[in-house]
Each structure stands twice: as C-alpha cells, then as structure tokens.
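The values are calculated or read from the model by the stated rules, or taken from the named source; none is laboratory data. None of the values given here were measured: they were computed from a predicted structure. Cβ coordinates were reconstructed from backbone atoms using ideal geometry, including for glycine residues, and neighbour counts include every protein chain displayed. Heads up: the accessible areas ignore ligands, DNA and RNA and are worked out on the full protein's heavy atoms, side chains in. Shrake-Rupley method; radii C 1.70, N 1.55, O 1.52, S 1.80 Å.
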Amino acid sequence: EYDKLVYPVNPVLTPDELRASIQNMHASYEDAALVHAFGAVTINLTQTSWTLHGDIAAQMASLIQYSLWAHRKAEMGRDTDAHYLQCEMPMTVKRVMVGIWNEISLMAFKRFDRSFASLRESITMIQMLNIHQYSEDNPCGLSRREISRQQRMYWEAYIHERFMCIMSGFPCTMIPLRTGLPMTDADVPPYVTVGFNRLIRLFQIMDPPLLAHWTAQTMPDAPTMTAQWIESKQ
C-alpha cells in the first residue's frame, strides 16, 4: 500500500529503507519514530475519508503518539547522555520525514495547529541542511542520488506548507529551490518523477501574491478573488 499510494507523492524513503527501519526500530528511537509515523500516514492515505473514524482513528492516534514520543527521545540521545544540548542538533532525512508524515496524519484530525508545528520543525531541519547549495557542480560530498532525494524532500515540504496555508491561513517561509526541479534519479520510477514534478509546478502557482490574496479573504474588507484571476496565474 505504501509503495502504490504513499511513495509516489512522498518519494523520499523507499520501501526497502522502511523495511530496514522496521528491523532496527527496537534498537533506535529514530527508526521507531519513523516506523510509527509511516504506519499512521499509510493508513491515512490508503483509507477513504469516511472510514477515518472509530477503530481506525484510534489506531492512527496511537501510532502518532508513539512516533512523537520516540522522536523526542531520539533528539535527546541516550538516557545517560547529559550533554546532548552541547552536541550538534541531529538532522537526518528520517527525522525530517517523521515530521512531514505526522503533519499529514494530524490533518486527518483537523488539528491544523499541531500539523503546522510538526511541519515547521521539519522545515527548520531542511533549512539547516542548506539544500539550496547542492547541485551537480557543487555536490558538497553527496552522491547524485542523495542530492536528488534531499531536493525532493525540500519540495515536498514546500508543497505541504502551501497546502497548510490554503487550509488554515498559517504563513509560508519556503521559497522555490534555486536549482529548480529535483535532479533526475534513475532509482525513482519515471512515473513517480513525472507526477511529483507536476505537483511541484502546480504548487509553484501559489506564489506570495496569490497566498496573500487568499489569506486576506478572512478580513472584512477583503478584495474580491475571482476564478478568472486564479486561472490567470496558471
């Protein structure tokens, strides 16, 4: 289900990488957080909206709670490590995706505040990774595959931040990646690449003027937003 319905719109961690995390989840808080977030988001994105209640909702809520608990434990290091605050903040693709996946799942409960907080934590880590400086000419010691993966991760957060703005009015901070669409990765199925790039282009239409116009609609003297104006953006 993850491979068919979740990975194409979240093309960052492969099913094989998730299987490895499942094998290691009892030895790593980071992997435990990831696996529980993966379970919740897969339920969310493979169930029809009218079934997301009762036992299914309870299962999702339980998975999210375990994921959040393990996520914090991973950040604090070992229970005996009293100096974790003096160490570099742990920033990994897994930790970023935990935040994005929990944001998606929390949206199912209409908890926009918690979704926003979870997404913003991931965006903070992405911004500290300095993905803007990665390119074929400046790989910064990373493989082409890893650069492409992190670029896709950047764009996924960019998409979700704009979706969150449209849904709740919370502000956006991310700008389009200066290197453009993600570098092509031969390990990603072509149909996934084509579809994800199309999503990126779609959400780039939601530029600062459009978002400012949209969020102003909640104000008493809001300017009129017409279908023609929105169509002109595309």
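Return yes or no: is ILE100 within 20 Å of ARG149 (Cβ to Cβ) and part of a helix (DSSP H, G or I)? Talk me through it step by step, then tell me what you get.
Values: within 20 Å of ARG149 (Cβ to Cβ): yes; part of a helix (DSSP H, G or I): yes.
When the stated conditions are applied, ILE100 passes them.
Filter segment 196-215 down to the residues that are within 15 Å of CYS165 (Cα to Cα), open to solvent by less than 50 Å² (accessible area, probe 1.4 Å) and not polar (S, T, N, Q) and list them by number.
PHE203, ILE205, MET206, ASP207, LEU210, LEU211, HIS213
Could you tell me whether VAL93 is under 25 Å from GLN150 (Cα atoms), in contact with a helix residue (DSSP H, G or I) (Cβ under 7 Å, 6 or more places away or on another chain), open to solvent by less than 50 Å² (accessible area, probe 1.4 Å) and in contact (Cβ under 8 Å) with a residue 40 or more places away in the chain? Talk me through it step by step, then tell me what you get.
Values: under 25 Å from GLN150 (Cα atoms): yes; in contact with a helix residue (DSSP H, G or I) (Cβ under 7 Å, 6 or more places away or on another chain): yes; open to solvent by less than 50 Å² (accessible area, probe 1.4 Å): yes; in contact (Cβ under 8 Å) with a residue 40 or more places away in the chain: yes.
Judged against the criteria, VAL93 is a match.
Of the residues in segment 165-207, how many are closer than 14 Å to TYR154 by Cα, of a type outside the set (Lys, Arg) and part of a loop (DSSP other than H, G, I, E, B)?
So the count comes out to 11.
So which of ALA74, ALA33 is in a helix (DSSP H, G or I), modelled with pLDDT under 95, open to solvent by less than 40 Å² (accessible area, probe 1.4 Å) and closer than 15 Å to THR92 by Cα?
Details: ALA33 fails: modelled with pLDDT under 95.
Answer to the check: ALA74.
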